[in-house]
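To start, the structure under review is shown below, and the notes come after it.
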C-alpha cells in the first residue's frame, strides 16, 4: 500500500470543497446549505493542516486551522439562529418559500 | 514589532472592544429602563466611538508599520479607513435614535453589535496577514448578519439576515480555500511574506503553478468581492439592504465596503510591492489587474442598469452602491500613489452622501412607513428641506458638480488616466458613461420629489427626528466639499501610501 | 465712472455671482412680489454694471481683460481664473440682457412656485455667465454642468404637457456630451503633466503645450470636446433634444435656451476646441463643416414642414446655428467674425421670436401655424414687431441677420466655394419657410374666434424695444460689434489658419 502523502490530503480537500459547492448550489433547505458551507470551511482546514505538516510552517498552519474550526462554529451558530427566527414565522426552512424579498 | 510595544498603536481597537463589552455586560447586569436605556446606551456607544477616533488621530507614528508580528499593518491608508469606519458607525448610531425599525427591548444589543462591527472594520482595514484578514472578515460578517436580521416587525429582516449569512458563508468558505492554496503554494501567511515568496518563487514559471495561483486569487477575490458587493458576488446586496433596518443599511453600504477596499488594496500591494510604482510590470505574470478591471466594468454596468428598474428606494440605493463599488475598483486598478488616494477620497465622499441618502429614506420611512418611490411624490412641497438635501445627495451620487461626488469621480478618473495607456482610458470612458446611465434613475427620484405631485392626502413628513436632522447636516459638507475640496485633496495626498 | 474700478477689480465675480445671491433671496422671500423685486434687482444690477463696463472694454487689446485669479485647489493646479476677451464679452452682455428681459416678461405670468421660478433663472444666469468667463478648465466644467440643474427644473416644472420627458432628455443628452469632455479634459491634464511635470488646468497653460500633443491624439481629444459642444450647439445629428426642450419649456425658458444655452457649444469650439487642439480641429474640419451644412439645410427643411409655431422656431435654430458652425470651421477671419456676430444675432432674434410665440399662445392657447390668420389686422403692433423679427431671421440687408450670414458665407467662399453655395441655399430656404409662416399667420382670412385679441401691452413692448434696437443697430452699423472680437478671433485662428 502506498504511503499517504500530501496529494491524498489535497484530493480529499478538493473533493470536500466540490461537494460543498454542489450542496450549496443545489439544496433549497437552509440547513443543508449551512452544512455545505461547513464542508467548504473544513476543506480549507484540511488543506491548511496538510500544507503545514508537509510544507514545514507547522505553527502558522495549525493556528490557522484552529481559528477556522472556532469561526466555523460561530458562523453555524449565527446561521442557525436566523434559521430559527425564520422557522418560527414561516414554519419552514425552505429557501423557495422565503420570497418576501424579490431575490 | 513585538506585542507589548504594539499596544499603543491599537488603542482605538482597544477602546472599541472595551465599549462593546461594557454595553453587553451593563445590559445583562443592570437592565436599565426608560431614559437610561433610550439615551444612555447610545451615548455610551457614541462615547466609545469618539474615544476610538481620538486615539486614532493621536496614534503615534512608527517607523515600523507592522505590529503583532505582522498580523496588523498600519499605514496612512488604513488609518484613514479606520476613521471612515468609526465615523460611519457613529452616524449609524445617530440614525438609530428613535428609529421604529429597531425593537425597543433590544436596543442595547444593537449598539453593542455596532461597536463590535466597527472593531471588525478597523481590524480588517489594517490586516496584513491572511489569518487576520479571515478573523476580521468574520467579525464584520457575523455582526452584520445579526444586525441585518434585527428588525422583528415583519419577516423581511430575518429573511435578509438568512440570505446574508448563506451568501456570506459561501463567500468566506471560497475565500478561505483560496487562502489555503496560497499558503500551500508559497508557504507563508503574512502578505509581505507572500509577496517575497511570489517574487522569488519558481511556481509561476510552470503552467500548472500559474493556474493554481490564479485559481487561488480568483477564490480570494470572491470573498473580497462579496464584502464590497462587486458583481458577480453582489446578489445578496439588494435583498439584504431592503430587509435590514435602515439605520444599519446606511452603515452596511459604507463601512464594510470601505474595509473591503482597504484589504483589497493591501492584498494587491502586499503580493506585488512594485504595484505602487509599475503596476503593469509587477503583475505581468498574472492577470490581476485585468481581473479587477473586468470586475470594475461589469460591476458598475450591472449595478447601474439594474437600478433603473427599482421602485423601492432602498433597493435602488443598493444597486447604486454596487455601481459605486465598480467606480472605486477603477481606483484599485489605477494603482500607484494616485489610485489608493482616489479610492480614499471617494470613500470619504461616499460616506457622506450615501449615509445622507439613507438618512432621508429613514426619515421618510418614519412618517410614510414605506420606501416606495411613490411616497416621494411631492416631497419637495411637503418637506422642502429634506427634499433639497436628498437632491444634493442624488446629484452628488451622479457625480455632477458642484458636489462632493464630482470631486470623488474626478480623482478616480484622473488616477486612471494618469496611469496612461489605452485600456485605462477606456475604463475611464466606461466609468463616465455609467455616470450618465446613473443620472437616469437618480433623476427619477428627483422627478418624483419635485416634478410630480402626491396623489391624495399623504401623511406629513416630520422633520423632528434624528434621521432628518442628520440628512440636513450631511447635505452641507456634500455641497461644501464640491465647491472647496482642499480637505479632500489633503486626504488623497495623505492616504496615497500603503505598505 | 468706470464700472471696473468701482467693483475693485472684481467685476466678473460680481456679474457672475450677484444673480445667485439674489436667487437665494428670491427663494427665501416671503411673497412672490418681494421675489419679483429681487429677481429684477438680481438681473438688472448686473446688466447695468455690464453696460457701464462696455466703455471700459479695450477692443484693441488681444488678451483677456478684467482677469481675476485666485488659487482654488493648488495641489492640482486648479484656480479660480476668470477673464473675458472679444469673443466672450458680447456673449456675457447677451446673457445679461436676455435674462433680465426674460424675467421682466415673466413677472405676473407664472402662478406656480413663482419664487423658485425666478430663483432658477437667476441661478441659471450664474452658470451661463461662468461658462463664458471661466479660464480654468475645471471651473469651466463646473459651470457647464451647473447650467443643467436649473434648466432641468425650468423645463420639468414650468413646462408644457411633455415637460418631464423633455427635461430628462435635455439633461441626459448634455450630460452624455460632457462625460466625454471630462475624460478628454483629464487626458489633456495628464499630457500637460507629462510635458511639464506639474499639474495645471489653466487654459493658457494648456494652449502653451498644444504643440507637444501628437496630432492623432489631438483629433481624439478634439472629437471628445466637439461631441459635447455639438450636442449643445446643436449640430445635426445631435439636435434631437432641442425641438422637445424648446417646445416644452416655458416661454422665458425657451428664450434662454435658444438665446444663450446654444451659444455655449459654439463658444466652446472657439475658446477650447480650436485653440487647445488646432491640429485636431484642422483634421476634423471637413466633418464639422459637413455637419454645419447638414444642419443648415435639414433644419430649414424640418422647419418648413412644422405645423407648430414653437417647433418651427426651434428647428430654425438648428439651421441658424449651422451657420455658426460653418463660420467657425471655415477657419477664416470673416467666417469666425460672422459666426460670433451670428451667435449674438440668433440670441436676439430667435429669443424674441420665442417671446412672440409665447405671447400669442398665452392669449389663444394655440400654437399651430394654421390656427391663425389676419393677425396683422387684429394685432397690428404685434404683427409689425414679428415681421421685423422674421426679416432679421431671414437675413434681410439692413437688419442684423444679414451681417452674420453674409460674413459666414464670405468666409465659406474663401475656404471652398461649394460650402458658400450650399449655405446660400439655406438662406433661401429660410426665406421660404419663414415668409410662408408670416403669410399664414398674419395675412389672409382672419380666424373667426380670434377677434378681440388685445395687442402688445406696454410691458411687452418694453421687452421688445431693446431687442429691436440692437437688431436694427447691428444691421445698419455693424462695425463696432465686429471690431470688438477681431483681435480675439485672430488669436484663436492663429493655430488653424491655412
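Taking the criterion of being away from chain A (no Cβ under 11 Å) and either closer than 29 Å to residue A:95 by Cα or in a helix (DSSP H, G or I) (or both), the residues of the stretch B:117-132 that qualify are B:117, B:118, B:119, B:120, B:121, B:122, B:123, B:124, B:125, B:126. Each residue in the stretch A:21-33 was checked for being more than 7 Å from chain B (Cβ to nearest Cβ), in contact with a helix residue (DSSP H, G or I) (Cβ under 6 Å, 6 or more places away or on another chain) and either surrounded by 15 or more Cβ atoms within 10 Å (Cβ to Cβ) or under 17 Å from residue A:77 (Cα atoms) (or both), and 2 pass. Filter the stretch C:158-178 down to residues that are at the interface with chain B (Cβ under 8 Å from one of its Cβ atoms) and buried (at least 22 other Cβ atoms within 10 Å of the Cβ) and give me whichever is farthest from residue C:224 (Cα to Cα). My answer is C:163. Residue B:365 satisfies every condition listed in (1) within 24 Å of the chain's Cα centre (by Cα); (2) surrounded by 24 or more Cβ atoms within 10 Å (Cβ to Cβ); (3) more than 21 Å from residue B:437 (Cα to Cα) except (2). Restricting attention to the stretch B:249-279 and to residues that are out of contact with any helix residue (DSSP H, G or I) (no Cβ under 6 Å at 6 or more places or on another chain) and part of a loop (DSSP other than H, G, I, E, B), the residue that is surrounded by the fewest Cβ atoms within 10 Å (Cβ to Cβ) turns out to be B:277.
Conditions tested, residue by residue: (1) more than 14 Å from every other protein chain (Cβ to nearest Cβ); (2) assigned to a helix (DSSP H, G or I); (3) at negative phi.
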| site | (1), (2), (3) |
| --- | --- |
| B:216 | no, yes, yes |
| B:232 | no, no, yes |
| B:239 | no, yes, yes |
| B:247 | yes, yes, yes |
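From the list B:414, B:471, the one residue that fits, being modelled with pLDDT of 90 or more, in contact with a helix residue (DSSP H, G or I) (Cβ under 6 Å, 6 or more places away or on another chain) and within 14 Å of chain C (Cβ to nearest Cβ), is B:414. A single entry from B:434, B:493 fulfils the requirement of being touching a residue at least 12 places away in the same chain (Cβ under 8 Å), at the interface with chain C (Cβ under 8 Å from one of its Cβ atoms) and part of a helix (DSSP H, G or I): B:493. Between B:140, B:165, which is facing chain A (nearest Cβ under 7 Å), part of a helix (DSSP H, G or I) and in contact (Cβ under 8 Å) with a residue 12 or more places away in the chain? From the options B:140, B:165, the qualifying one is B:165.
Taking the stretch C:236-269 as the range and being outside any helix (DSSP H, G or I) and either within 17 Å of residue C:290 (Cα to Cα) or within 8 Å of the chain's Cα centre (by Cα) (or both) as the test, the residues that pass are C:236, C:237, C:238, C:239. Whether any residue in the stretch A:36-49 is surrounded by fewer than 23 Cβ atoms within 10 Å (Cβ to Cβ), more than 8 Å from every other protein chain (Cβ to nearest Cβ), over 12 Å from the mean Cα position of the chain (by Cα) and assigned to a helix (DSSP H, G or I) is what I want to check. Within the stretch A:36-49, one or more residues are surrounded by fewer than 23 Cβ atoms within 10 Å (Cβ to Cβ), more than 8 Å from every other protein chain (Cβ to nearest Cβ), over 12 Å from the mean Cα position of the chain (by Cα) and assigned to a helix (DSSP H, G or I).
Restricting attention to the stretch B:102-121, the residues that are at pLDDT below 85 and touching a helix residue (DSSP H, G or I) at 6+ places or on another chain (Cβ under 6 Å) add up to 2. Checking A:60, A:73, A:18 one by one, the residue that is free of Cβ contacts under 8 Å to residues at least 40 places away in the same chain and at the interface with chain B (Cβ under 9 Å from one of its Cβ atoms) is A:60 and no other. Conditions first: (1) farther than 17 Å from residue A:46 by Cα; (2) surrounded by 21 or more Cβ atoms within 10 Å (Cβ to Cβ); (3) under 25 Å from the mean Cα position of the chain (by Cα). Residue B:175 passes all but one, so which condition is the exception? Unmet condition: (1).
Within the stretch B:257-275, the residues that satisfy the criterion of being farther than 18 Å from residue B:131 by Cα and under 11 Å from the mean Cα position of the chain (by Cα) are B:257, B:258.
Can you find, within the stretch C:447-484, the residue that is farthest from the chain's Cα centre (by Cα) among those that are in a loop (DSSP other than H, G, I, E, B) and surrounded by 12 or more Cβ atoms within 10 Å (Cβ to Cβ)? Among them, the one singled out is C:447.
Does residue C:138 fit the bill of being assigned to a helix (DSSP H, G or I), touching a residue at least 40 places away in the same chain (Cβ under 8 Å), within 14 Å of another protein chain (Cβ to nearest Cβ) and under 26 Å from residue C:71 (Cα atoms)? When the stated conditions are applied, residue C:138 passes them.
Listed by position, the helices (runs of 4 or more DSSP H) enclosed by the stretch C:334-415 that each have at least 2 residues that are crowded, with 24+ Cβ neighbours inside 10 Å are C:380-394, C:400-415. Checked against (1) out of contact with any helix residue (DSSP H, G or I) (no Cβ under 7 Å at 6 or more places or on another chain); (2) at pLDDT 90 or above; (3) under 30 Å from residue B:489 (Cα atoms), residue C:225 meets all criteria but (1).
Quick check, is residue B:189 at pLDDT below 95, touching a helix residue (DSSP H, G or I) at 6+ places or on another chain (Cβ under 9 Å), at the interface with another protein chain (Cβ under 10 Å from one of its Cβ atoms) and within 17 Å of residue B:225 (Cβ to Cβ)? It is false that residue B:189 is at pLDDT below 95, touching a helix residue (DSSP H, G or I) at 6+ places or on another chain (Cβ under 9 Å), at the interface with another protein chain (Cβ under 10 Å from one of its Cβ atoms) and within 17 Å of residue B:225 (Cβ to Cβ). Does residue B:294 meet the test of being more than 14 Å from every other protein chain (Cβ to nearest Cβ), at pLDDT 85 or above and not in a helix (DSSP H, G or I)? In short, no. Once the stretch B:172-202 is narrowed to residues that are touching a strand residue (DSSP E or B) at 6+ places or on another chain (Cβ under 7 Å) and outside any helix (DSSP H, G or I), the residue that is farthest from residue B:71 (Cα to Cα) is B:189. Among the residues of the stretch A:76-90, those that are surrounded by fewer than 21 Cβ atoms within 10 Å (Cβ to Cβ) and either at the interface with chain B (Cβ under 7 Å from one of its Cβ atoms) or closer than 15 Å to residue B:154 by Cα (or both) comprise A:84, A:85, A:87, A:88, A:89, A:90.
The values are calculated or read from the model by the stated rules, or taken from the named source; none is laboratory data. All values derive from a computational prediction rather than experimental measurement. In this analysis, Cβ positions are derived from the backbone assuming ideal geometry, glycine residues included, and neighbour counts consider all displayed protein chains.
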